[in-house]
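Please treat every number below as a calculation from the coordinates, not as lab data. Bear in mind the structure is a predicted one, so any value in this text is a computation, not a measurement. Backbone-built Cβ (ideal geometry, glycine too); neighbour counts: all protein chains shown.
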Amino acid sequence: MAIKIVYCLPSLHLVGGMEKVLTIKANYFAEKLGYDVTIVLTDGKDKPPFFKLSDKIKVINLDLNYEDIRKYPFILRFFPYSIKQLLFRKRLTELLMSIRPHITISMLRREINFLTKIKDGSIKIGEMQFNKTNYRDLNTKGESFGFKALLAKLWMNQLIHYLKKVDKFVVLSREDFEKWSELDNVTVIYNPIEKFPDRYSECDKKNIIAAGRFVNQKGFDLLLDSWAIVSAKHPDWHLSIYGSGNKTPYLKQITSNGIENSCTLHDALHDLTDVMCESSIFAFSSRFEGFALVLTEAMSCGLPPVAFSCPCGPKDLITDNLDGVLVTPENVAEFADKLCYLIENEDLRKAMGKRARERARGFTFDEISKEWVSLFETLLEGRPQEN
C-alpha cells in the first residue's frame, strides 16, 4: 500500500521558496516513489500553481481566503480570523478523517494551531521553511519591549507549545537547529534542488546574477549600493537581478546610484539555469533566510557565491574562500570588495565555481529524499494505521 501524505499550506500560486520546495518534494514522492500525495490549500482557489505540479498529486482547496482579512485594520482582524479558523479546523478535520493519511505535514501556517488535535491516526510533522529568529517577529526589529515585541514573544511561545506535540519538527539548517533548545523532537533536513544541471558556467562572462523576491528581506537595496562601488571599478561588468514583486523602489535606487548602464532588473523565471550558466558570480544579499535554495541552485551551475552570512543557510552551505565567500551581514563595502576580488581573480573564480558545483551535488533530491524516506519509515514503524 502506498504511503499517503497530506501537505497543508496556504497556496501554490505564489513565487516563493516554500511553494517551490514543496512542489519539488511532492512531485518526487508521487512520481519516483509512488506515494499518494494530497496538497490542502486555504487560499488562491482559482489560481494555478506557479511551479509545475505532477498530475498524480491531488490538490484540494478549502476556499477560506485568509487574505481577505488584510483589508481590516490590524486591531480588528481577530474576530474574522477566529471565524475562519473555526471553519478551517472543521473542514480539515472532515477531510483528514476521510482521507486517513499515514502522514500529515504542516508548513507551520494556521493549521499548526490545531493539527495534533485531529484524531485521524496520521503522524503529524511540522516543517519550517523560515528560521526561528525571523519567524513571527512582527517586524519588531530587535525591540525587547512594546506591544508588538510582547505579542511576537507570546506568538512564538504559542508555536513552541504546539510544536512539542508533533511527532517530528524539521528545520533547514544546523544553525537554526541550535536555536530550538525548548524542543526535543527537532531534526535537520536540507532543502533539495530540483535538478542537477548538465550545463554549468565557465565563469568567463562579465555577468553577475542575483535572484529573489523584490522585498526588504532579500537585501537588493544593499546589493545595489554595493554595485555602485563595484561598477565604478569595473564598468564592463553587468549585474542582473531576477524576481517577482514591486521593482519601483529598486529602479529609483538604480537611477540615484547612477548604475543604469550596468544593472538590469528582470521578472522571475521558472528556471534560472540558462541565465546562471551565462554568469560568473552569484550575489546573495539577503538579510535573513530559512535556507537559501537559490544559493544551492546557483552553486549547482558552477557559480561561486558571494553571500552575506545572514541567518540562516549560507554558513551551512558555503565553506568560506573554498566554494564561496561569506561577508559580514549588511556590510555593503565588504560585499563590494569581495565581488571585486572575484572579478579581478579569474583563475580563483573558476576554481571556486567548480568546488561550488561539487558541493551542490549533495543537495539533489535523490540524496535529500533518503533522509525524508528514513524519517517517514522510522515514524511509521510499529504504528498501527486505520486505513
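Here are a few things to note about the model shown:
- Zone residues, segment 262-294, relative to GLU202, backbone N less than 19 Å from point 7 Å out along Cα-to-Cβ: 273-282
- Residue among ALA268, ALA356, ALA232 with the largest mean-square fluctuation in a Gaussian network model of the chain, springs linking Cα atoms under 10 Å: ALA232
- Projected label distance in nm at THR187 and GLU334, using a 7 Å step from Cα toward the beta-carbon: 3.5 nm
- Using bins of 10 Å that start at zero, the share of Cα-Cα pairs per bin across segment 207-363 amounts to 12, 46, 37, 5, 0, in whole %.
- Exceeding the 26 Å Cα-Cα cut-off - candidates LYS52/LYS370; LYS84/LYS148; LYS32/LYS205: LYS32/LYS205
- Folded to 0 to 90 degrees: helix 365-380 orientation relative to the chain principal axis, Cα: 20 degrees
- Integer Hz, Karplus 6.51/-1.76/1.60 couplings in order for segment 306-320, x for Gly and Pro: 10, 9, 5, 7, 6, x, 10, x, x, 5, 6, 9, 10, 9, 4
- Ranked by how many other Cβ atoms sit within 10 Å of their own Cβ, fewest first, the residues MET1, MET107, MET128 fall in the order MET1, MET107, MET128.
- Long-range amide H partners of ASN61 with built H, under 5 Å: LEU41
- Helix 332-344 vs. the chain, principal-axis angle (Cα, 0 to 90°, nearest 10): 60 degrees
- Label selected from (i) 65, 47, 41; (ii) 66, 54, 38; (iii) 60, 54, 37, the criterion being Cα extents along the principal axes in Å as computed here: (i)
- At R0 = 45 Å, FRET efficiency that the Cβ-Cβ distance of MET97 and VAL275 yields, to 0.05: 0.45
- FRET efficiency, 1/(1 + (r/R0)^6) with R0 41 Å, evaluated for ILE69 and LEU322 via beta carbons: 0.30
- Rounded to 10°, Cα long-axis angle of helix 78-99 versus longest principal axis of the chain: 70 degrees
- Ordering ASP274, ASP225 by the number of other Cβ atoms within 10 Å of each residue's own Cβ, fewest first, gives ASP274, ASP225.
- Its relative contact order, with pairs defined as Cα atoms under 8 Å and 6+ residues apart, puts the chain at 14 percent.
- Amide H to amide H distances under 5 Å link TYR242 with ALA210, ALA211, GLY212, HIS266, where only residues 5 or more positions off or on other chains count and H is placed in the peptide plane.
- Between amide H atoms placed 1.01 Å from N, distances below 5 Å from TYR7 occur with THR38, ILE39, VAL40, ILE105, all of them 5 or more places distant or on a separate chain.
- Net charge of Cβ neighbours under 9 Å - reference PRO192; Lys, Arg +1; Asp, Glu -1: -2
- Dipole magnitude for the chain: about 1460 debye, using +1 per Lys or Arg Cβ and -1 per Asp or Glu Cβ, origin at the Cα centre.
- Computed extension gain for GLU260 through ASP236, at 0.36 nm per residue and net of the alpha carbon distance, reaches 7.4 nm.
- Hz values of 3J(HN,Hα) by residue in segment 223-228 - Karplus curve (6.51, -1.76, 1.60), Gly and Pro given as x: 4, 5, 5, 5, 5, 4
- Per-residue Cβ neighbour counts within 10 Å put TRP155, TRP180, TRP237 in the sequence TRP155, TRP180, TRP237, beginning with the fewest.
- Cα lying deepest toward the dipole's positive end in the chain, options TYR162, MET276, SER231, charges on Cβ: TYR162
- ³J(HN,Hα) computed for each position of segment 158-170 - Karplus, 6.51 cos²θ - 1.76 cosθ + 1.60, integer Hz, glycine/proline x: 4, 4, 4, 4, 6, 5, 5, 8, 7, 6, 7, 10, 9
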